[in-house]
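Reviewing the structure listed below.
The values are calculated or read from the model by the stated rules, or taken from the named source; none is laboratory data. Since the model is a prediction, treat every value here as computed from it, not as a measurement. Backbone-built Cβ (ideal geometry, glycine too); neighbour counts: all protein chains shown.
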2 protein chains.
Amino acid sequence: MPPTMKDKILDAAEKRVRGAGFSAMSFRDLASDVGIKSASVHYHFPTKPDLGEALVDRYTSQFKEHLEQIDTASLKTALDSYVALYSQALVLDETICLCAIMGAEAIGLPKNVNQKTKAFFKMNRMWLLDLFQRNGVQNPEDTSCLIVAALEGGMIVASSSDDRAMFDQIAKAAIRSIVTI
Amino acid sequence: MPPTMKDKILDAAEKRVRGAGFSAMSFRDLASDVGIKSASVHYHFPTKPDLGEALVDRYTSQFKEHLEQIDTASLKTALDSYVALYSQALVLDETICLCAIMGAEAIGLPKNVNQKTKAFFKMNRMWLLDLFQRNGVQNPEDTSCLIVAALEGGMIVASSSDDRAMFDQIAKAAIRSIVTI
DNA sequence: GCATGGCTATCTACCAGTTGATAGGCTTTC
DNA sequence: GAAAGCCTATCAACTGGTAGATAGCCATGC
């Protein structure tokens, strides 16, 4: 089935937010992106916080689906697949993680959006924690936080340095600190 | 001597940007913060890109001054001092690194501002690279990128998770991956 | 001593454009 | 006929930015 208008709006919003931030995105931008009027966007998402919440929600559940498809039999290949999820966003879409930017803007954002961003990070940490515990990685709690932070920060540093290869460099170093080759 | 109006404006701008982002900050906000009218803010900084550039410039040179005061005799204590620089911003000022948020917003920001943000990250990487090379750390290039990314990302994850202690956890794990205790 | 003139820093008043949001009307589909 | 999905038209508030006036300061020159 073809994508619903609701999804098309969320697609446009995701692209814009990941590029320039939540506060830099307007209903009129989205409207012209999908070919309707701004009043019609309000029909689908009454307020901007509503839109933000739906956006992070969808992003998180899509990310979760990808996580569930990762083969966790080997620590090394599981981590490689995990990193690839982030890397794709940076290289293919030429944008950073939605929650990296919404996390950075946090203080100026509606509270309901902040809660969803927080949940995204927690989900990531929990997935890694489980992986690390099952593989006997030392200090699994600290390490899972470190990996999430390194990848989120890596996207920001690499994209703002206009050096996509730097992300891979960072990811490689992060993995090496866990899995001794 | 008392701070000039220019500095007071930059102080207010820094606080607001680090809280909610560059695009969420307006000339009128700053004006009311420092007790003048928005037209007078334009007198000191003609356009918003001008203000952004001056802001990141000042931030970078202040950070550089702090870096130069760090005693680099011991790798461990040097890294601890470096981390403390970031940690202070997060705990005392209750905000994240200026360049973390301006790096995240990058695509929607004026080019001159992006260049300055890029320069901030480069300065950090170079300082760490020198430290690592002089101390025989393996893969010094990759590792210096990783540390910057982990700390910048750590601020975002920790602040948006409303868990300041998480930053210390991340920093600790990052240092441990270099300096085996 | 003091008028002249330029400079700095602020003001009031305004502009055109954008923002999130609402009210009410028009189709199409079930 | 009613619900869904979109429209036009409009709103008040806010945006970055400009024009022109005003007040105080400080040097120059008579």
Given (1) among the basic types (Lys, Arg); (2) surrounded by 16 or more Cβ atoms within 10 Å (Cβ to Cβ); (3) within 16 Å of DNA strand D (Cβ to nearest atom), number of the condition residue A:28 does not satisfy: (2)
Hits in the range A:1-25 - residues which are surrounded by fewer than 19 Cβ atoms within 10 Å (Cβ to Cβ) and more than 23 Å from residue B:106 (Cβ to Cβ): A:1, A:2, A:3, A:4, A:5, A:6, A:7, A:8
Qualifying positions in the range A:139-173 - assigned to a helix (DSSP H, G or I), more than 7 Å from chain B (Cβ to nearest Cβ) and within 13 Å of residue A:91 (Cα to Cα): A:155, A:158, A:164, A:165, A:167, A:168
Scope the range B:89-105; condition assigned to a helix (DSSP H, G or I) and either at positive phi or within 11 Å of the chain's Cα centre (by Cα) (or both); matching residues: B:89, B:90, B:98, B:99, B:100, B:101, B:102, B:103
Of all residues in the range A:49-108 being within 16 Å of DNA strand C (Cβ to nearest atom), buried (at least 21 other Cβ atoms within 10 Å of the Cβ) and away from chain B (no Cβ under 14 Å), the one that is nearest to residue A:19 (Cα to Cα): A:55
Selection from the range B:130-157 of residues that are small (Gly, Ala, Ser) and at pLDDT below 95: B:136
Matching residues, the range B:135-149, being touching a residue at least 24 places away in the same chain (Cβ under 8 Å) and either of a type outside the set (A, V, I, L, M, F, W, C) or within 13 Å of residue A:157 (Cβ to Cβ) (or both): B:135, B:143, B:146, B:147, B:148
Residue that is nearest to DNA strand C (Cβ to nearest atom) [pool: residues in the range A:23-48 that are more than 20 Å from residue B:24 (Cβ to Cβ) and among the charged types (D, E, K, R)]: A:37
Tally, over the range B:116-134, of residues that are touching a residue at least 60 places away in the same chain (Cβ under 8 Å) and facing chain A (nearest Cβ under 8 Å): 1
Residue match in the range A:39-46 (condition: within 14 Å of chain B (Cβ to nearest Cβ), assigned to a loop (DSSP other than H, G, I, E, B), within 29 Å of residue B:109 (Cβ to Cβ) and within 16 Å of DNA strand D (Cβ to nearest atom)): no
Selection from the range B:142-176 of residues that are over 24 Å from residue B:74 (Cα atoms) and of a type in the set (Val, Ile, Thr): B:156, B:157
Some residue of the range B:5-21 being assigned to a loop (DSSP other than H, G, I, E, B) and under 23 Å from residue A:162 (Cβ atoms): yes
Residue in the range A:53-69 that is farther than 16 Å from residue A:123 by Cα and free of Cβ contacts under 8 Å to residues at least 24 places away in the same chain present: no
Any hit, the range A:111-118, residues being under 14 Å from the mean Cα position of the chain (by Cα) and farther than 21 Å from residue B:102 by Cα: yes
Qualifying residue in the range A:61-71 (condition: among the basic types (Lys, Arg), in a helix (DSSP H, G or I) and within 16 Å of DNA strand D (Cβ to nearest atom)): no
Subset of the range A:109-128 (residues that are surrounded by 19 or more Cβ atoms within 10 Å (Cβ to Cβ) and closer than 16 Å to residue A:65 by Cβ): A:120, A:124, A:127
